[in-house]
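First, the structure itself, so that you have it in front of you.
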Amino acid sequence: MASTVRKRLYARLAARDGNNCFYCRREFGTGDRLRTIEHVIPRRAGGGNHHDNLVLACMRCNNYRGHMPLFVFVTGYRPVYRAEDYDRFRRALIRAEDCKHAFDNGMMASRIIR
């Protein structure tokens, strides 16, 4: 029963999106190019099992993406997630601004940067 439903789902998704990986556009094959059903919005992020949230992806892309948001996976942009990273980044920006201010006012930057 479940395999029949899965086969129909594969067929519907292939008819809608083509028989290539949604991400890398390569044809499905064997090994890491086996086709899988991928959630565009991961289930743990609130994505459901409705057809609008499902695409066909090769096993390689599906495994690599994991729970990454789609924007991060496609662009490679990785936002700062941890509080200590954000704090370190904020301090670096403050030091850079202090340094710029020191040079603009003729002061030595080494007195400002801690």
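Which residues, counting only those in segment 8-42, are farther than 23 Å from residue 74 by Cα and either in a loop (DSSP other than H, G, I, E, B) or at pLDDT below 90 (or both)?
30
Would you confirm whether or not segment 50-63 contains a residue that is assigned to a loop (DSSP other than H, G, I, E, B) and modelled with pLDDT of 80 or more? Steps first, answer last, please.
Going through segment 50-63, the residues assigned to a loop (DSSP other than H, G, I, E, B) turn out to be 50.
Restricting the remaining residues to those that are modelled with pLDDT of 80 or more gives 50.
Yes, the conditions are met somewhere in segment 50-63.
Which count do you get for residues in segment 44-66 that are crowded, with 17+ Cβ neighbours inside 10 Å and over 21 Å from residue 33 (Cα atoms)?
Number satisfying all stated conditions: 0.
Let me ask something else. Under 8 Å by Cβ, and 6 or more places apart or on different chains, what pairs join a residue from segment 12-28 that is in contact (Cβ under 8 Å) with a residue 40 or more places away in the chain with one that is aromatic (Phe, Trp, Tyr) and part of a loop (DSSP other than H, G, I, E, B)?
What qualifies is 21/28.
The values are calculated or read from the model by the stated rules, or taken from the named source; none is laboratory data. Not measured: the values here are computed from a predicted model. Ideal geometry is used to build each Cβ from the backbone, glycine not excepted, and the neighbour counts take in all protein chains shown.
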